[in-house]
Amino acid sequence: MSGAVTEVARFDPAGGGLRGTLRVPADKSISHRAALLGAMSSGPVRVRNYLHAADTDSTLAAVQALGARVERGDGELTIHGVGLRGPREPEGPIDVGNAGTLMRLLSGWLAVQPGRSWTLDGDDSIRRRPVDRVAVPLREMGARINAREERFPPFTVHGAELRGIEYAMPVASAQVKSCVLFAGLGATSPTTVVEPAASRDHTERMLARAGAPIERDGLRVTVSPVEELHLDAVDVPGDLSSAAFFVAAALLVPGSRIVLEDVNVNWTRTGFLRIAERMGARIGGKLEPHGAFAPVEPVTALTVEHGPLVGTTVEPDEVPLAIDELPLVALLGCFAEGETVVRGAGELRVKESDRIETVVTGLRALGAEIEGTDDGFVVHGRGSGALRGGRIASHGDHRLAMLGAVAGLASREGVEVEGMDAAAVSYPGFVTDLRRLAS
């Protein structure tokens, strides 16, 4: 994807602050899971407010390639699934585009189909993202995975009669956890995933709604085999990871006060908000209590106001619940008083880009005092007016593109973002919405 991204957009300082109310796009993680579990279900599944972006459209195309039928209506989809055991083998590879979530979750479902095989491939970015962390548990369950250089796409999943296992994850990852749980639905005995730290739990909540026998005990999640899934209608809430860019912009630009409506505040997604509040952020809204578990995702309106920030340290156990927003923590750290440190975030190196390297290089080019480490970064904050401005490249990474845009509004001289069209992977209307709040 990086070679195709060419759009350059300029973002000048937002002198008057950000003002207004915004409804952010639908949650990307939940949209992926709704489409996949809809395809795995017996009977039609209505999905309201599905996110239409490059990644989630890849998921719809993938489930259709597997035999599911997708009807598009006014503001909703109806997915006619093929059942747990019904995915067909298409003539060629399944194209996952740039969607790492799709690639990893789909592997778990396909691995439990005895006697059939599927090849998964994607764009240049996906071909650099390792699949060994899902291949290891799937092989332990009895599947056969053939990958390029043993760990990269394209790779082939050979389905088999899988056995249930207890899998202790070396690194907390909602995608790996979900892959193993999907495989466990069709295994011969219960499957347990043990996490080193909590990660997003959208899969567990949606499986519970679909009638899967699933139990959670602290950091242990167990799913038992089931013959069928029956998922009712899914209402996809606003995506906190998309909202986080506006939260950061309002916190950094003097004079800002915004309201973000109907945002998903599942406690496994609000790690960034907790970190920001520790830095002094003024954020209002009713958040789900820590440790809650309910099939329906909680939503609230977030009110965000500008104010002074102080540095903080993000410890490894906080990382999984803020993994996509950690680049924004680096940006907040630039404008905070004191030092901001992120540890235990080596996972950032295998996202759409090496987000440690690209964030550090990008922010440094704008005037930040920031250093990368093996598993994170250290930011030496300078308070208000910390960033001069300049030019930043997205490297085909949607979150880096949006980071550059927010940095431009908060900078002294403005920022040009090279490859701004990468934002369309998760948020096609991002530039329009950001400019509206800043106008």
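The values are calculated or read from the model by the stated rules, or taken from the named source; none is laboratory data. Given the structure is predicted, the values throughout are model-derived calculations rather than measurements. In this analysis, Cβ positions are derived from the backbone assuming ideal geometry, glycine residues included, and neighbour counts consider all displayed protein chains.
Considering only segment 1-26, how many residues are crowded, with 16+ Cβ neighbours inside 10 Å and closer than 20 Å to V406 by Cβ?
Residues in segment 1-26 being crowded, with 16+ Cβ neighbours inside 10 Å and closer than 20 Å to V406 by Cβ: 11 in total.
For every residue, the table says whether it meets (1) surrounded by fewer than 22 Cβ atoms within 10 Å (Cβ to Cβ); (2) closer than 23 Å to R355 by Cβ; (3) within 22 Å of the chain's Cα centre (by Cα).
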{"position": "R88", "(1), (2), (3)": "yes, no, no"}
{"position": "A99", "(1), (2), (3)": "no, yes, yes"}
{"position": "G108", "(1), (2), (3)": "no, no, yes"}
{"position": "I145", "(1), (2), (3)": "yes, no, no"}
{"position": "E149", "(1), (2), (3)": "yes, yes, no"}
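Looking at segment 405-439, which of its residues are under 20 Å from S384 (Cα atoms), out of contact with any Leu (no Cβ under 8 Å at 6 or more places or on another chain) and either outside any loop (DSSP other than H, G, I, E, B) or among the hydrophobic types (A, V, I, L, M, F, W, C) (or both)?
G408
Rundown of residues vs (1) in contact with a Phe, Trp or Tyr (Cβ under 7 Å, 6 or more places away or on another chain); (2) in contact (Cβ under 8 Å) with a residue 40 or more places away in the chain; (3) more than 21 Å from V226 (Cα to Cα), yes/no style:
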residue: M103; (1), (2), (3): no, yes, yes
residue: S125; (1), (2), (3): no, yes, yes
residue: P137; (1), (2), (3): yes, yes, no
residue: G142; (1), (2), (3): no, no, no
residue: A160; (1), (2), (3): no, yes, no
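Return yes or no: is D262 assigned to a helix (DSSP H, G or I) and more than 23 Å from E369 (Cβ to Cβ)?
Criteria not met by D262.
Where residues in segment 395-427 are of a type in the set (A, V, I, L, M) and under 18 Å from the mean Cα position of the chain (by Cα), which of them is surrounded by the fewest Cβ atoms within 10 Å (Cβ to Cβ)?
Within segment 395-427, the match that is surrounded by the fewest Cβ atoms within 10 Å (Cβ to Cβ) is A424.
Of all residues in segment 176-200, which are crowded, with 22+ Cβ neighbours inside 10 Å and under 23 Å from V319 (Cα atoms)?
V176, K177, S178, C179, V180, L181, V193, S199, R200
When only residues in segment 291-321 that are out of contact with any helix residue (DSSP H, G or I) (no Cβ under 8 Å at 6 or more places or on another chain) and aliphatic (A, V, I, L, M) count, which is surrounded by the most Cβ atoms within 10 Å (Cβ to Cβ)?
Here the answer is V299.
Looking at V221 and the list (1) more than 22 Å from V82 (Cβ to Cβ); (2) part of a loop (DSSP other than H, G, I, E, B), which single condition is not satisfied?
Failed condition: (2).
Name the residues in segment 123-153 that are assigned to a strand (DSSP E or B) and farther than 16 Å from V350 by Cα, would you?
R144, I145, N146, A147, R148
Just checking, which of V314, V221 is in the same structural domain as G362 (by TED's automatic domain parsing) and on the phi < 0 side of the Ramachandran plot?
V314
Among the listed residues V406, V342, V378, identify the single one that is β-branched (V, I, T) and within 16 Å of A9 (Cβ to Cβ).
V406
Determine the pairs where a residue that is closer than 15 Å to E76 by Cβ, located within segment 25-47, has a partner that is in a strand (DSSP E or B) and at pLDDT below 95 with Cβ atoms under 8 Å apart, the partner being 6 or more residues away or on another chain.
R46/E76; V47/E76
Which numbered condition in (1) in a loop (DSSP other than H, G, I, E, B); (2) at pLDDT below 95; (3) at negative phi; (4) surrounded by fewer than 24 Cβ atoms within 10 Å (Cβ to Cβ) is the only one that R388 fails?
So R388 meets the others, but not (2).
When you check E76 against the structure, is it without any contact (Cβ under 8 Å) to a residue 40 or more places away in the chain and either of a type in the set (K, R) or over 21 Å from H202 (Cα atoms) (or both), yes or no?
No, not satisfied.
Can you name the residue in segment 224-240 that is over 21 Å from the mean Cα position of the chain (by Cα) and within 30 Å of H52 (Cα to Cα) and is also modelled with the lowest pLDDT among such residues?
D232
Being assigned to a loop (DSSP other than H, G, I, E, B) and either of a type in the set (D, E) or buried (at least 18 other Cβ atoms within 10 Å of the Cβ) (or both) is the filter here; which residues of segment 43-72 pass it?
N49, Y50, L51, A53, L66, A68, listed by residue number.
Tell me whether segment 33-48 contains one or more residues that are on the phi > 0 side of the Ramachandran plot, out of contact with any Leu (no Cβ under 9 Å at 6 or more places or on another chain) and not hydroxyl-bearing (S, T, Y).
no
Only one of these conditions is not met by T78: (1) of a type in the set (V, I, T); (2) in contact with a helix residue (DSSP H, G or I) (Cβ under 8 Å, 6 or more places away or on another chain); (3) over 26 Å from V350 (Cβ atoms). Which number is it?
Answer for T78: the failing condition is (2).
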